[in-house]
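Asks: There's a structure below that I have some questions on.
The values are calculated or read from the model by the stated rules, or taken from the named source; none is laboratory data. As the structure is a prediction and not an experimental result, all values here were calculated from the model. Please note: Cβ atoms are built from the backbone with ideal geometry, for glycine as well, and neighbour counts cover all protein chains shown.
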Amino acid sequence: MRAHGANVARRRARFKPPVRRRANLPARLWPADPLATTIRPNNEVPAMTKSPSVLPVTVLPVTLGGLRVAITGAASGIGRVMADSFRAAGAQPFICDVDEAALARSGHAGLLADAARSSEMERFIDAALAALGGLDVLVNNAGIAGPTAPIEEIVPEALERVLAIDLKAMFHCARRAVPALRAAGGGSIINLSSAAGRFGFALRSPYAAAKWGVVGLTKTLAIELGPAGIRVNAILPGAVAGPRIEAVIAAKAKAAGISIAEQTARQLAAASLRAFVTAEDIANTALFLASPFGAAISGQAIAVDGDLQYMI
Ligand SMILES: NC(=O)c1ccc[n+]([C@@H]2O[C@H](COP(=O)([O-])OP(=O)(O)OC[C@H]3O[C@@H](n4cnc5c(N)ncnc54)[C@H](O)[C@@H]3O)[C@@H](O)[C@H]2O)c1
């Protein structure tokens with residue numbers, strides 16, 4: 001017990017807390033130095049010619065040696081950062097994606113598989129089990145934005161596609177993975193929902209319906225699988241800094257006839273922390289949930305969004 005206490009004290013002494021300061025965005029340090037602190041400007045209303053305000057982040061210093069992790073849609077975006085993060089923590093990621101070139105560039109083991117098709121999700125889980133020799137963590141990440149339009153203008157096929165990729169794929173992967181997680185003596189399922197899974201989101205009815213569905217699926221599976229030691233949680237990201245949010249802001253600014261800086265300010269005003277989040281913030285939450293430090297957490301819908309108060 002005393003030795004454990006000393007180890008914790010040593011680890012704490014080594015851990016450097018993140019620093020908040022006003023500065024220009026430095027070169028991204030991730031993932032070359034997994035313990036590096038990335039410092040970004042905050043509490044400013046930035047012009048998009050400058051870097052947007054984002055929260056400072058330190059990569060979570062957890063060790064996940066040998067953890068076998070399957071992640072959908074992980075050749076780029078948040079999924080890629082999660083795969084890199086798990087690997088940096090010592091885990092073994094196995095990924096799938098529909099983008100063959102990005103899959104090859106990612107450097108992760110995995111295969112081409114479309115989340116829109118149940119058979120391909122089952123094939124992905126089977127391949128992950130064969131490659132990793134079992135499974136400890138399933139991250140259901142693949143998701144598409146779907147149409148932005150009033151409901152009368154959304155064709156049923158568009159709704160079906162969003163539900164297939166953003167919700168049903170999570171069901172199919174979990175269904176196929178659960179026997180392996182049981183065989184491993186327990187594990188963790190992490191589903192990517194969205195702030196659109198906690199607020200209504202006008203003009204995005206298929207996406208919001210799917211992301212609320214993810215929360216319902218998460219809470220239900222947590223109850224079903226808890227006795228087997230399988231924890232199931234959802235992460236609800238807010239606006240994630242990067243090219244995607246920059247494009248969204250530019251389009252909204254154009255539609256509203258205002259400047260990009262003004263639209264950025266509106267977007268930031270929706271979050272109490274007046275900041276965007278980063279893919280690394282999302283990845284760190286996934287690492288925490290998959291680690292022994294998340295051992296008591298299941299059935300939760302965890303917002304990682306700077307405390308959004310409304311959708312914009
Ligand atoms: N980026 C954000 O601001 C944000 C906010 C809230 C929630 N989310 C959720 O987080 C998850 C990841 O988002 P992201 O921004 O990284 O997405 P993204 O659009 O960057 O895509 C990530 C990856 O998924 C792959 N993909 C797309 N369709 C696929 C399919 N049918 N089958 C397999 N792979 C497919 C893409 O090729 C890409 O490599 C999604 O579920 C998304 O809804 C994102």
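Asks: Among the residues of segment 281-298, count how many are part of a helix (DSSP H, G or I) and either away from the ligand (no atom under 16 Å from the Cβ) or in contact with a Pro (Cβ under 7 Å, 6 or more places away or on another chain) (or both). Steps first, answer last, please.
Replies: If we filter segment 281-298 for residues that are part of a helix (DSSP H, G or I), which is where we start, we get 281-290, 292-294.
Then keep just the ones that are either away from the ligand (no atom under 16 Å from the Cβ) or in contact with a Pro (Cβ under 7 Å, 6 or more places away or on another chain) (or both); that gives 282, 288, 290, 292-294.
The number of residues fulfilling the criteria is 6.
Asks: Consider residue 203 carefully, then state whether it is free of Cβ contacts under 8 Å to residues at least 60 places away in the same chain and buried (at least 18 other Cβ atoms within 10 Å of the Cβ).
Replies: Considered against the rule, which asks whether it is free of Cβ contacts under 8 Å to residues at least 60 places away in the same chain and buried (at least 18 other Cβ atoms within 10 Å of the Cβ), residue 203 comes out as no.
Asks: Residue 220 fails exactly one of the following numbered conditions: (1) surrounded by 13 or more Cβ atoms within 10 Å (Cβ to Cβ); (2) more than 16 Å from the ligand (Cβ to nearest atom). What is the number of that condition?
Replies: (1)
Asks: Could you check segment 76-134 and list, in sequence order, the residues that are polar (S, T, N, Q), surrounded by 20 or more Cβ atoms within 10 Å (Cβ to Cβ) and in contact with a Ser or Thr (Cβ under 8 Å, 6 or more places away or on another chain)? Step through it out loud before you land on a result.
Replies: Applying the first criterion (polar (S, T, N, Q)) to segment 76-134 yields 76, 85, 92, 106, 118-119.
Pick out the ones that are also surrounded by 20 or more Cβ atoms within 10 Å (Cβ to Cβ) and you get 85, 92, 106.
Listed by number, the list holds a single entry, 106.
Asks: Can you go through 188, 193 and tell me which one is at pLDDT 95 or above, of a type outside the set (D, E, K, R) and closer than 20 Å to residue 308 by Cβ?
Replies: On the way: 188 fails: closer than 20 Å to residue 308 by Cβ.
Testing whether each residue is at pLDDT 95 or above, of a type outside the set (D, E, K, R) and closer than 20 Å to residue 308 by Cβ leaves just 193.
Asks: Do you know which of the residues in segment 81-107 that are under 30 Å from residue 268 (Cβ atoms) and either in contact with a Cys (Cβ under 6 Å, 6 or more places away or on another chain) or free of Cβ contacts under 8 Å to residues at least 60 places away in the same chain (or both) is farthest from the ligand (Cβ to nearest atom)?
Replies: Among those residues, the one meeting the criterion is 88.
Asks: Only one of (1) exposed (fewer than 14 other Cβ atoms within 10 Å of the Cβ); (2) not assigned by TED's automatic domain parsing to the domain that holds residue 72 is not met by residue 148, so which one is it?
Replies: (1)
Asks: Among (1) closer than 12 Å to residue 180 by Cβ; (2) under 20 Å from the mean Cα position of the chain (by Cα); (3) free of Cβ contacts under 8 Å to residues at least 24 places away in the same chain, where does residue 135 come up short?
Replies: Every listed condition holds for residue 135 apart from (3).
Asks: What's the number of the condition residue 271 fails, among (1) touching a Gly at 6+ places or on another chain (Cβ under 6 Å); (2) within 15 Å of the ligand (Cβ to nearest atom); (3) closer than 27 Å to residue 68 by Cβ?
Replies: So the condition that residue 271 fails would be (3).
Asks: Among (1) on the phi > 0 side of the Ramachandran plot; (2) over 17 Å from the mean Cα position of the chain (by Cα), which single condition is residue 246 missing?
Replies: Single failed check for residue 246: (1).
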